[in-house]
1. Grab the Cα-Cα distance for Asp53 and Val102, subtract it from 0.36 nm times how many residues apart they are, and report the gain in nm with one decimal.
2. In nanometres, what is the gap between the two model label sites at Arg90 and Glu170, each 7 Å from Cα along Cα-to-Cβ?
3. Label the stretch 123-167 by shape, choosing from rounded, prolate and oblate, from the square roots a ≥ b ≥ c of the eigenvalues of the Cα gyration tensor; if a/c is under 1.5 it is rounded, and otherwise prolate applies when a/b is larger than b/c, oblate when it is not.
4. Could you check the spin-label model distance between Gln191 and His121? Points 7 Å from the Cα along Cα→Cβ, value in nm.
5. Packing-wise, with mean Cβ within 10 Å as the measure, how do 83-96, 157-170, 140-153 rank, highest first?
6. What list of ³J(HN,Hα) couplings, whole Hz, do you get for the stretch 42-48 from phi and the Karplus terms 6.51, -1.76, 1.60, once you set θ to phi - 60° and write x for glycine and proline?
7. Set the Förster distance to 41 Å, then compute FRET efficiency between Gln163 and Trp201 from the Cβ-Cβ distance, nearest 0.05.
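Where a number appears in this text, it was derived from the coordinates with a stated rule and is not lab data. Just so we're clear, the structure is a prediction, and the values are computed from it rather than from any experiment. Here the Cβ positions follow ideal geometry from the backbone for every residue, glycine too, while neighbour counts run over all protein chains shown.
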Amino acid sequence: MYNVISSISLFVLIFPFTSGLYFHIGETERKCFIEEVPDETTVLVNYRVELHDPRTGGFMKSSSGIGMHVEVKDPDMKTILSRVYSSEGRISFTSHVPGEHVICLYSNSTKWIGGTQLRVHLNIQVGEHTIDYANVAQKEKLSDLQLRMRQLLDQVEAITKEQNYQRYREERFRQTSESTNQRVFWWSITQLIILIGMGTWQMRHLKSFFEAKKLKFFMGQVEII
């Protein structure tokens with residue numbers, strides 16, 4: 001019973017920080033993922049490519065000739081990374097602008113054999129989750145208490161960045177709402193002016209028409225001269 005509870009607790013603790021997935025990709029396909037990242041935050045992308053085995057119907061480790069082109073764009077759609085990597089890679093970049101970063105992967109199709117389908121395992125980690133604390137403790141010779149303090153400080157920094165990013169999003173949303181409301185207001189005013197102008201023009205046109213026909217209006221009655 002204790003082992004079951006421990007396993008469930010471990011799953012609950014680990015699951016929110018896990019963003020691993022896999023997808024299938026064809027020769028001409030391009031898969032893109034959007035990751036919301038605060039500014040000055042490290043993003044780590046791990047991927048592994050498997051080649052479809054028609055004999056077994058499963059997937060096996062891909063050959064060295066098959067690689068992936070990885071492209072990363074910031075919220076301003078500026079390319080901050082664009083390279084061809086091998087069938088298994090680890091890419092890291094740091095965001096300088098808060099917002100949605102687009103991560104795209106597609107194969108180097110010139111190396112394909114008969115349009116075989118690929119399975120790509122992808123794991124994206126952001127912020128403190130990109131840090132290998134075991135390696136940090138070994139390099140800096142930190143005790144368990146010092147390492148735990150280091151982790152807590154990194155967590156506090158990550159929370160601060162996330163809060164700043166949420167405030168940034170709220171500000172952007174407020175500006176967008178105000179801009180939309182202002183446009184709707186001026187569009188309504190424009191429509192009203194157009195309707196008044198059309199009504200005035202129609203009245204003048206009708207007046208000219210009746211005068212041309214020599215008609216006069218008296219008390220709601222029409223008298224022909």
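1. 14.6 nm
2. Going from the Arg90 label point to the Glu170 one covers 3.8 nm.
3. oblate
4. Using points 7 Å along Cα→Cβ, the separation is 5.7 nm.
5. Most protected by this proxy first, the peptides run 83-96, 157-170, 140-153.
6. Using θ = phi - 60°, the values come out as 7, 10, 10, 10, 10, 9, 8 Hz.
7. 0.10
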